[in-house]
Amino acid sequence: MRMHNALIHEACLAFFLAGSLCAGAAPVFLDLRAVANTAIEDDGIADNGAGGWSDEGANDMFIYPPVQTGIVTRGGYRFNIAPAAGCSNSVIMLRGQERGTNKPGRVTVSVPKIAGSYLYVLQNSVGSVAGMPKNYTAATYTITYADGTTNCIALRDGIELRPWWTREWWDNSGRASWPVFMGGNAYSGRWKSYVGVWAFQWRNPRPAEPIKAITFSSAGKAAPVIWAVTIADEDFHGPESRRRETLARPAAAPLGYFDGKLAAEREALFAAGARENHFKGVRSVELIRNDIIAVTVDAALGRIGAGPGEEIIARYQTPATFTIKSDTDPAFSSPVHPARVGRLSCEHWNGDVGAFPQNVLYWHTFYLVLPAPLKSGNAYSITVNGIEPPFTASSVLSYDERTTTTPVIKINQTAYAPGARQRFAYLGWWAGDMGTVDYAMLTNYQVVSEADGKVVLEGKVARRARNDALSGEDVCEMDLSAVRA
């Protein structure tokens, strides 16, 4: 029995050395390092022509859970995935219409005359092209055998060759494309999507004939990406219980996992936005109540750039960020900090910033509750710590109880109808996370002529609605019906 086993082993070894796999032999992993032309991570700057992956900044294959490297077994599929340290090239990307435009249209990988029942390719594609027919042929893989004959494999978009972004973590076409890695990058979660890499299985019609080369060709639409290639006699796709061992919804990335990736992109976008004058610093200082002022800043604070920047802006929502000083009001003769700070952040603008498409820029209004009320006839300088030159970090509010404008009083923006029997102005404000501003202490109002400063109407402030459902304000009204032009 021992001699029989030894003879079988010797026969298998001789067969392998001649260039074939025998039944039960270990799979052969093709070495793609000589032809790998793309890193799976970008340099953080979109469309600069110098980054990795699809050159889309933080939208790359830095995902969580990360793609494993080395000899990997996932759901029964086995590949040897090249390490992706730093910006080293570890995958083959072929030319596409939208992405990979500078990549080769085809790449040939030499095979050391290996035969096998199955060819496995770990792959995905980038840069889907709108308007293409469903399941069009996106790539062709040509198998060249040792005897010079060839076999062409057509790969259809969305079946054998799947786009790297997908809405469902279980997306697959069985043997044609089985998800081996599935996760999320810095952007995919915002769109309730996932990022994946799939295994394509091809049954070799000539399993005994050694393969000497494989040519990967793109149709020039979506850009195919080849991660790893394995030749084996084993059917990696079965049984189902083994495949499903790793088929599960990807875990969410730990807090801060993408911070480093996003920081480089945010800084590049901020520089582009500054060149286009999107960022100036302090935008306005307004009176909300004689002891509350509103300071509105743009994304120059903390160099946030695009997006709400919640984690960054929250760090500045503290009294230490703001100082108030007056040369004429003794209560503010030395710089003082507010007693409390509220905030409301709102989308201000959206569009392209430099090479970064479709960005949303936010403005942030901070509500400063002062340690003492402002006094009419004085000027106050408000400074925001965290806005660096050349952006504006300070602004002056000149307070005069008869002339200083405030957004908390609302009137008809166009005009009141001449025939209207009743005309009202409304008083109220909602200060973001600080809630409704209380104006109960204001009991009287005056209407003053701009022409000569004379009082033309006086009255009592009336409560109209508490915690109004639409505005969140405690709405007070002032009857202007007696005012005539």
- Query: Of all residues in the stretch 347-358 being without any contact (Cβ under 8 Å) to a residue 40 or more places away in the chain and in contact with a strand residue (DSSP E or B) (Cβ under 6 Å, 6 or more places away or on another chain), which is farthest from ALA314 (Cα to Cα)?
  - Reply: ASN350
- Query: Mind checking whether some residue in the stretch 412-425 is farther than 21 Å from ILE324 by Cα, surrounded by 13 or more Cβ atoms within 10 Å (Cβ to Cβ) and in contact with a strand residue (DSSP E or B) (Cβ under 6 Å, 6 or more places away or on another chain)?
  - Reply: yes
- Message: So if I check each of GLU245, GLU276, GLU310, which one is more than 30 Å from VAL396 (Cα to Cα) and exposed (fewer than 15 other Cβ atoms within 10 Å of the Cβ)?
- Response: GLU245
- Selection from the stretch 473-485 of residues that are in a loop (DSSP other than H, G, I, E, B) and surrounded by 15 or more Cβ atoms within 10 Å (Cβ to Cβ): GLU473, ASP474, LEU480
- Note on the structure: The lone condition ASP42 fails out of (1) outside any loop (DSSP other than H, G, I, E, B); (2) over 30 Å from GLU234 (Cβ atoms); (3) charged (D, E, K, R) is (1)
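Table: residues versus (1) closer than 30 Å to GLY116 by Cα; (2) not assigned by TED's automatic domain parsing to the domain that holds GLY386; (3) not in a loop (DSSP other than H, G, I, E, B).
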site: ARG242; (1), (2), (3): yes, yes, yes
site: GLU245; (1), (2), (3): yes, yes, no
site: LEU262; (1), (2), (3): no, yes, yes
site: LEU287; (1), (2), (3): no, no, yes
site: ILE293; (1), (2), (3): no, no, yes
- Message: Return the residues of the stretch 245-295 that are more than 23 Å from GLY307 (Cα to Cα), of a type in the set (D, E, K, R) and at pLDDT 95 or above; say none if nothing qualifies.
- Response: ARG249, GLU286, ARG289, ASP291
- Query: Can you pull out the strands (runs of 3 or more DSSP E) entirely within the stretch 134-193 that have at least 1 residues that are without any contact (Cβ under 8 Å) to a residue 60 or more places away in the chain and closer than 16 Å to VAL121 by Cβ?
  - Reply: 150-156
- Note on the structure: Residues of the stretch 368-411 being under 14 Å from HIS337 (Cα atoms) and touching a helix residue (DSSP H, G or I) at 6+ places or on another chain (Cβ under 7 Å), in sequence order, are ALA372, TYR380, VAL384, ASN385
- Item | Residue satisfying condition, being touching a residue at least 40 places away in the same chain (Cβ under 8 Å), assigned by TED's automatic domain parsing to the domain that holds ARG33 and crowded, with 23+ Cβ neighbours inside 10 Å, within set GLY75, GLY100, GLY105 | GLY100
- Item | Only one of GLY377, GLY351 that is exposed (fewer than 15 other Cβ atoms within 10 Å of the Cβ) and over 27 Å from the mean Cα position of the chain (by Cα) | GLY377
- Note on the structure: Counting only strands (runs of 3 or more DSSP E) entirely within the stretch 348-431, those with at least 3 residues that are touching a His at 6+ places or on another chain (Cβ under 8 Å) are 356-369
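The values are calculated or read from the model by the stated rules, or taken from the named source; none is laboratory data. Note that this is a predicted model, so its numbers are computed, not measured. Cβ coordinates were reconstructed from backbone atoms using ideal geometry, including for glycine residues, and neighbour counts include every protein chain displayed.
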